[in-house]
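Worksheet for the structure shown next.
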Number of protein chains: 2
Amino acid sequence: MSGTEETRWPDAEQHERALARIEAISRLPVYRDRPVSLLTDLYELTMMYGHFQAGRHRQRVVFDLYYRTNPSGNGYVIAAGLEQVVWYLHNLRFTDADIAYLRSLRLFSEPFLEYLRTFRFTGDLYAVPEGTIVFPNEPLLRLEGPIDELQLVESALMTFINHQSLIATKAQRIVDAAATAQGARAPVIEMGLRRAQNMDASVFGARAAFIGGCVGTSNVLAGQSFGIPVSGTMGHSWVQSFPSELEAFRAYANAFPDDTVLLVDTYDVLRSGVPNAIQVGRELAASGRRLKAIRIDSGDIAYLSKQARRMLDEAGLHDVGIIASSDLNEWTIRDLIVQGARINAWGVGTSLITSYDHPALGAVYKLAAQEEGGVLRPRIKISENANKITNPGKKKVLRFYVNGRASADLIALDDESFNPSEPLELFDPVHTYKRKVIQGFEMEALLQPVYIGGRLVYELPDLRQIRRHVEAGLARFAPEILRHVNPHIYHVDLSQRLWDLKQRLLHEWRP
Amino acid sequence: MSGTEETRWPDAEQHERALARIEAISRLPVYRDRPVSLLTDLYELTMMYGHFQAGRHRQRVVFDLYYRTNPSGNGYVIAAGLEQVVWYLHNLRFTDADIAYLRSLRLFSEPFLEYLRTFRFTGDLYAVPEGTIVFPNEPLLRLEGPIDELQLVESALMTFINHQSLIATKAQRIVDAAATAQGARAPVIEMGLRRAQNMDASVFGARAAFIGGCVGTSNVLAGQSFGIPVSGTMGHSWVQSFPSELEAFRAYANAFPDDTVLLVDTYDVLRSGVPNAIQVGRELAASGRRLKAIRIDSGDIAYLSKQARRMLDEAGLHDVGIIASSDLNEWTIRDLIVQGARINAWGVGTSLITSYDHPALGAVYKLAAQEEGGVLRPRIKISENANKITNPGKKKVLRFYVNGRASADLIALDDESFNPSEPLELFDPVHTYKRKVIQGFEMEALLQPVYIGGRLVYELPDLRQIRRHVEAGLARFAPEILRHVNPHIYHVDLSQRLWDLKQRLLHEWRP
């Protein structure tokens, strides 16, 4: 948090560092040599072409990317996906093969196809850093640049931000549910590869899950790509493939004497799995080692974990953990904790990696301003549905903290300034009689410069920094806003000037 | 359909064709140089290593991949994803960077890491061709080979089959819903890129949607990669960026005089959008062209489409189509048709590309047999949940047709044979008193050889062949099985020998 809304313009050295970082990221296996320019909806290209034909493709515009509804009944979203956005913009160019394909569609002229050969992103991007707590209607990305560029990138930018923000948010709900009544947190491990909506969903989903607070992933490619801790032990097929469960457990302990986690539900948890695990635990102890944990993957986790805990304790194996992994989500985890389940770590798959109950975020990308006679003019999108009417103009988002706690966000025009030493009256943009005055506040500008004139000025943070940013952010919100069910609605207000502008454009508009 | 269950062993020429085809596929932008070996759960690697340490990693086993529950209340699934499976197996090898990463985990010995350097898939794969109608518990893939290989590939194979089968099935529901009461079908276009769970979900989802019957996609990369027809015209930002809607429409018609589709809901469909579209339609007609369609993306589609149709007809523009695209799914489409909405094509995004109401298929991968003393012995996985008990042994799946209509499927042991000229008694594997006798049947073996001894013997079909396979398959099932709500449950029985084997193993088993 800067304490002032002024953005610092980076020097050449920072630009070099930012470039070195994105080039290193672009060499990661999940990013390397991936096709980018055609990852778009055809209408972006037809619109580009239409503007090109009309000679207006370099007209300067401003677009906002934001979402309207929080997923899963949550009170907020954790913004994620910016690294992917920067990777995409940095590598955005049309290859010969791309142009040949576009030619084959018989939609575009040769001059346009020729123009695409040298196409690069030359615009500005302001973005909320990954891991920032955000709310409906707040621009997460604000782009400014030629209309053809900003149109082309629409689809991919939405895909990246929608997906990673969705999964980070879902993960954080699940991680939060794993806090016990005493406030202790059993760690959550992301294990959803096999149920993910294909490869990228698994890898970038694991990344988002780590941002949301998961301690690790089962996904080795995500581990390799992003340095996320990987974990995993055995499946039922391991146990089945041995003549007996005890032999299977012994063979595993032999291969991983310092990292033995035994899956105890292949046959019968309490009659077979736990007794055999205790046997192996004792054998490990006899050689100075320690059985790390058992894992229960089916059945009544509350009952089984309590019985298993008792059996392990009676055998003196107090420090052997119990891991649960059986179609879990934030509700089943919370319910198991309420029932007194004795679980030391949770493995969560399907519900996390797909955000099963709400599998799409639905961010939108809307024109906010447009050059006219050399000046940016605000633009508004009318709708019969009032909450779909856009906020016009080039905007910023400010977060106000009072006594260190986030008190309200304000969407304002970019050239507005606010003085933290003077009282500021905020009002609800719909029910305008609802007003409150804040004073003695701190102020944080959420949108940070990422690209300026096509020049990367933002050094992407590493994943651990992003995760700490989430933790620090959450700590500054009231628990009523963070709770899982019926959270308080956090205030996102419009500045008086923005509100006046919006009203004026609404009244002026004629079909 | 072969009419006999005998599989033909391909000659060298077929192998060459199969190889040439997968190598061409591997060069497609969506596949080229993608990382494969680490796209796995860590536990696959720890199990491989455990087997390696125990000197049993080359023990021969059989695994089945199948699912247990149809998604979205459907009565079946359309199998998809095999192309991705073959791409993965064909390209499966550990790079130096992969091995360096695995070394960094400090879990594996150098001899094991060295062993991975030359690791290749050497097993057998039998699979149902993409586009086959399949049912719960039927193996979609059957693998046989060394346990380390079959363990490694588990996670990725599930991801591919789960995702593409899920989306193909969802797409087919939506396409089917777009059949009017008169049986005419308005085409469905997949438009979900921005809401997809990242890049692969959009591209492979578009592929699966085409298999399921969509006529095209908005996703240009999917078009380039798989030859799927692409379509797209303009977004609201196009209209907003012009001084007036009429100018926006004219500029678009000027750029695409032979392919003009106008988005009419930016301001007001009936007071502005449709009148302006009619104006441009007349102007196009005056120059011998034709306005192709209008698109409505919000509001009351039933009311608006009927009014728009009337207005277009009154203007003599009878051949101008109406496209709808507004948070549609199989239920809203069917409901709009019942209300008499006048829609000529549907664009479907979020609900299709995420299978929103059921965003994961949940296929599993289970050990079915294992070498013991040089012979494959059946293996069973016990569970307290009866429907989670596996079917043991190396199996095949037969589909019986009576009078050309699919009558029942039978899961049998691979070495069983059935004589179509003799009566065959089938029985429900749970309620065994439910029996029926079929005779004069045709018989189709669903599992086809894909790899034999690590040698690719299956020439992957192109997407249009797969789509025709879906259509031909659906035509052979009773409508009661295909309907969207409470479909009849299609019989998937076990052969007497398989049933006896399963009972014997269940009774023999002791924890």
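Does region B:269-285 contain at least one residue that is on the phi < 0 side of the Ramachandran plot and outside any helix (DSSP H, G or I)? No, because not a single residue in region B:269-285 is on the phi < 0 side of the Ramachandran plot and outside any helix (DSSP H, G or I).
Could you run through region B:169-196 and say how many residues are facing chain A (nearest Cβ under 8 Å) and over 16 Å from the mean Cα position of the chain (by Cα)?
Start the filter on region B:169-196 by keeping residues that are facing chain A (nearest Cβ under 8 Å), which leaves B:191, B:193-196.
If we keep only those that are over 16 Å from the mean Cα position of the chain (by Cα) as well, we get B:191, B:193-195.
So the count comes out to 4.
The residues in region B:208-227 that are crowded, with 24+ Cβ neighbours inside 10 Å and more than 10 Å from chain A (Cβ to nearest Cβ) can be counted, and the count is 5. Residues in region A:434-451 that are touching a Phe, Trp or Tyr at 6+ places or on another chain (Cβ under 8 Å), under 17 Å from A:GLY473 (Cβ atoms) and in a loop (DSSP other than H, G, I, E, B): A:LEU447 alone. Looking only at region A:39-68, which residues are more than 12 Å from chain B (Cβ to nearest Cβ) and within 30 Å of A:GLY212 (Cα to Cα)? Once the filter is applied, which keeps residues that are more than 12 Å from chain B (Cβ to nearest Cβ) and within 30 Å of A:GLY212 (Cα to Cα), region A:39-68 yields A:TYR66, A:ARG68. Of the strands (runs of 3 or more DSSP E) lying entirely inside region A:322-420, those containing at least 3 residues that are more than 22 Å from A:ALA206 (Cβ to Cβ) span A:364-372, A:375-378, A:395-402, A:405-413. Only residues that are loosely packed, with under 13 Cβ neighbours inside 10 Å and assigned to a helix (DSSP H, G or I) were counted across region A:473-502, and they come to 3.
For region B:449-495, the set of residues classified as aromatic (Phe, Trp, Tyr) and farther than 30 Å from B:ALA12 by Cα consists of B:PHE477, B:TYR490, listed by residue number.
To keep it simple, each residue is scored yes or no on (1) charged (D, E, K, R); (2) not assigned by TED's automatic domain parsing to the domain that holds B:PRO392.
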residue	(1), (2)
B:ALA24	no, no
B:THR46	no, yes
B:SER72	no, no
B:TYR76	no, no
B:VAL85	no, no
B:ARG106	yes, yes
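Determine whether B:GLY227 is at positive phi and in contact (Cβ under 8 Å) with a residue 60 or more places away in the chain. Can you show your working first?
Working: at positive phi: yes; in contact (Cβ under 8 Å) with a residue 60 or more places away in the chain: yes.
In short, yes.
Yes or no, residue by residue, for (1) under 19 Å from A:ARG271 (Cβ atoms); (2) surrounded by 19 or more Cβ atoms within 10 Å (Cβ to Cβ):
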| position | (1), (2) |
| --- | --- |
| A:ILE301 | yes, yes |
| A:SER305 | yes, yes |
| A:ASP327 | no, no |
| A:ILE333 | no, yes |
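A single entry from B:GLN164, B:GLN197 fulfils the requirement of being touching a helix residue (DSSP H, G or I) at 6+ places or on another chain (Cβ under 6 Å) and part of a loop (DSSP other than H, G, I, E, B): B:GLN197.
Taking B:LEU367 as the residue in question, decide whether it is under 28 Å from B:ALA222 (Cβ atoms), facing another protein chain (nearest Cβ under 8 Å) and modelled with pLDDT of 95 or more.
On the way: under 28 Å from B:ALA222 (Cβ atoms): no; facing another protein chain (nearest Cβ under 8 Å): yes; modelled with pLDDT of 95 or more: yes.
No; evaluated as a whole, the condition is false for this residue.
Counting just the residues of region B:237-250 that are in a helix (DSSP H, G or I) and surrounded by fewer than 21 Cβ atoms within 10 Å (Cβ to Cβ), which one comes out nearest to the chain's Cα centre (by Cα)? Give the steps one after another, and end with the answer.
The first filter runs over region B:237-250 and keeps only residues in a helix (DSSP H, G or I), leaving B:237-240, B:245-250.
Of the ones still in play, those that are also surrounded by fewer than 21 Cβ atoms within 10 Å (Cβ to Cβ) are B:246-247, B:250.
Values: B:LEU246: 42, B:GLU247: 43, B:ARG250: 41 Å.
Going through the qualifying residues, I end up with B:ARG250.
None of B:TYR88, B:TYR115, B:TYR76 is touching a strand residue (DSSP E or B) at 6+ places or on another chain (Cβ under 7 Å) and at negative phi except B:TYR76. Across region A:230-268, the number of residues qualifying as over 19 Å from B:LEU367 (Cβ atoms) and of a type in the set (Val, Ile, Thr) comes to 3. When you look at B:GLN151, is it buried (at least 22 other Cβ atoms within 10 Å of the Cβ), within 15 Å of B:TYR49 (Cβ to Cβ) and out of contact with any strand residue (DSSP E or B) (no Cβ under 8 Å at 6 or more places or on another chain), yes or no? Taking the combined requirement at face value, the residue satisfies it. Scanning region B:286-313 for residues that are part of a helix (DSSP H, G or I) and more than 38 Å from the chain's Cα centre (by Cα) turns up B:ALA286, B:ARG310, B:MET311, B:LEU312, B:ASP313. Among the numbered conditions (1) surrounded by 22 or more Cβ atoms within 10 Å (Cβ to Cβ); (2) within 12 Å of chain B (Cβ to nearest Cβ), the only one that A:ARG106 does not meet is (1). The set of residues in region B:403-419 being without any contact (Cβ under 8 Å) to a residue 40 or more places away in the chain and either over 27 Å from the mean Cα position of the chain (by Cα) or over 16 Å from B:GLN448 (Cα atoms) (or both) consists of B:ASN403, B:ASP415, B:ASN419. Close Cβ contacts (under 8 Å, 6 or more residues apart or on different chains) running from residues in region A:494-507 that are under 16 Å from A:LYS395 (Cα atoms) to residues that are assigned to a helix (DSSP H, G or I) comprise A:LEU494/A:LYS502. Screening the candidates B:ALA255, B:ALA293, B:ALA277, B:ALA286 for the property of being out of contact with any Asp or Glu (no Cβ under 8 Å at 6 or more places or on another chain) and within 12 Å of chain A (Cβ to nearest Cβ) yields one hit, B:ALA255.
Of all positions in region B:377-385, at least one carries a residue that is farther than 30 Å from A:ASP300 by Cβ and without any contact (Cβ under 8 Å) to a residue 24 or more places away in the chain.
I'd like the full set of residues that are within 7 Å of chain A (Cβ to nearest Cβ) and of a type in the set (Val, Ile, Thr), limited to region B:229-252. Answer for region B:229-252, where residues must be within 7 Å of chain A (Cβ to nearest Cβ) and of a type in the set (Val, Ile, Thr): B:VAL230, B:THR233. The listed residues are A:GLU459, A:GLU425, A:GLU442, A:GLU416, and the only one of them that is on the phi < 0 side of the Ramachandran plot and exposed (fewer than 14 other Cβ atoms within 10 Å of the Cβ) turns out to be A:GLU425.
To keep it simple, each residue is scored yes or no on (1) under 12 Å from A:ILE174 (Cβ atoms); (2) in contact with a helix residue (DSSP H, G or I) (Cβ under 8 Å, 6 or more places away or on another chain).
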position	(1), (2)
A:GLY321	no, no
A:ASP327	no, yes
A:LEU336	no, yes
A:ARG342	no, yes
A:VAL348	yes, yes
A:ILE353	yes, yes
A:ALA360	no, yes
A:ALA369	no, no
A:GLY373	no, no
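In the set A:GLY349, A:GLY373, A:GLY340, A:GLY393, which member is buried (at least 17 other Cβ atoms within 10 Å of the Cβ) and either over 20 Å from the mean Cα position of the chain (by Cα) or facing chain B (nearest Cβ under 8 Å) (or both)?
Details: A:GLY349 fails: either over 20 Å from the mean Cα position of the chain (by Cα) or facing chain B (nearest Cβ under 8 Å) (or both); A:GLY373 fails: buried (at least 17 other Cβ atoms within 10 Å of the Cβ); A:GLY340 fails: buried (at least 17 other Cβ atoms within 10 Å of the Cβ).
Just one listed residue meets the conditions, A:GLY393.
The values are calculated or read from the model by the stated rules, or taken from the named source; none is laboratory data. The structure presented is a predicted model; accordingly, all values stated were derived computationally and were not measured. Quick reminder, even Gly has a Cβ in these numbers, built from the backbone with ideal geometry, and neighbours come from all protein chains shown.
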